[in-house]
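Colleague: Okay, here's the structure, questions in a sec.
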Amino acid sequence: KKNTFHDRQNIPAQYINKVITNAEDIINSCFEHFEQSERIPTKEELKHLIDVRTGKIKGDSDKGSFITLFDDYIQSCIKIGKWSYNTKRRIKVVRNQIEQFNSKCKITDFDNHDMPEKLLAFFLKVDNNNGTIAKKIKDIKAVLRYAIKKGVIANSHFLTYKTELKQPKKPIVFLSW
């Protein structure tokens, strides 16, 4: 009941309701994670993910560092043989540039609404080719999707960001004899 106090410590009901609502939100986000992977979690998997998200236990990827997550993503893609040599090089360049941008960058920073513009401004200083910058943003989104798949985050605002960089039209050149 509102405006009441419970227990010997006189805890307000409003505080208790807030804790219950937060717990419901965490549990719902855990179920959304498993829905995205299109599978039903076991009791242990669900309990583990809830414990990781509430901070009761430290998960493998609960370190919070985006650079660590990026390294994990690179290793997993190399392990399954997903990339060619040049793709590996390009991805490692993106990783190093993000480390230059902010070496202590957290995964949660990418939920910040002004993060895409800050990152875009940095990439524009480093590289002047709009197509390359758009590819770098696409690579960062792939890392964030990997984080969602692993259960590190539920969702990210950065995934909804669309670059508004215009591609210049290249002249069509025909070869003559």
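Colleague: Taking amide H positions as placed 1.01 Å from N in the peptide plane, with prolines and chain starts having none, which residues 5 or more places from K106, or on another chain, fall under 5 Å of its amide H?
Modeller: For K106, the qualifying residues are F66.
Colleague: Tell me which label goes with the value of mean projected area of the Cα convex hull in nm² computed from the coordinates here: (1) 16.4; (2) 15.7; (3) 12.1.
Modeller: Computed from the coordinates, mean projected area of the Cα convex hull in nm² corresponds to (1).
Colleague: So, one more: Over 19 Å between C-alpha atoms is what I'm after, so list which of K88/K138; K56/K79; K125/K166; K118/K170; K104/K135 land there.
Modeller: K56/K79; K118/K170; K104/K135
Colleague: With the chain treated as a Gaussian network of Cα nodes joined by springs under 10 Å, which of A147, A13, A134 yields the largest mean-square fluctuation?
Modeller: A13
Colleague: Report the residue, chosen from N112, N130, N86, that carries the largest GNM mean-square fluctuation when the chain is represented by alpha-carbon nodes joined by springs under 10 Å.
Modeller: Highest fluctuation of the listed residues: N86.
Colleague: Further question: Calculate, for K82 and T4, the FRET efficiency according to 1/(1 + (r/R0)^6) with r their C-beta to C-beta distance and R0 45 Å; round to the nearest 0.05.
Modeller: Computed FRET efficiency for K82 and T4 comes out at 0.20.
Colleague: Let me ask something additional. Would you work out what percent of the accessible area of the chain, with all protein chains in place, is carbon or sulfur (probe 1.4 Å)?
Modeller: On the way: 6880 of 12990 Å².
Its accessible area is 53 percent carbon and sulfur atoms.
Colleague: I need the trypsin sites (Lys or Arg not before Pro) found in the stretch 94-142, filtered to DSSP loop residues with at most 15 other beta carbons within 10 Å of theirs.
Modeller: In loop regions of the stretch 94-142 (DSSP not H, G, I, E or B), the sparsely surrounded trypsin sites (Lys or Arg not before Pro) are K104.
Colleague: Now a separate question. With a 1.4 Å probe and all protein chains left in place, how much accessible area per residue does the stretch 84-177 have, in Å²?
Modeller: That works out to 70 Å² for each residue.
Colleague: Place +1 on the Cβ of every Lys and Arg and -1 on the Cβ of every Asp and Glu in the chain, take the dipole about the Cα centre, and give the residue among G81, H6, N129 whose Cα lies farthest towards its positive end.
Modeller: The one lying farthest along the dipole's positive direction is N129.
Colleague: Springs between alpha-carbon atoms under 10 Å, Gaussian network over the chain: tell me which of R89, R145, R53 tops the mean-square fluctuations.
Modeller: In this elastic network of the chain, the residue with the biggest mean-square fluctuation among R89, R145, R53 is R89.
Colleague: Quick check: residue separation of K149 and N128 times 0.36 nm, minus the Cα distance between them. What number comes out in nm?
Modeller: Computed gain between K149 and N128 is 4.3 nm.
The values are calculated or read from the model by the stated rules, or taken from the named source; none is laboratory data. Because the structure is predicted, anything quoted here is derived from the model rather than measured. All Cβ positions, even for glycine, are placed from backbone atoms using ideal geometry, and neighbour counts span all protein chains on display. Note: accessible area is taken over every heavy atom of the protein model, side chains too, but ligands, DNA and RNA are not part of it. Shrake-Rupley method; radii C 1.70, N 1.55, O 1.52, S 1.80 Å.
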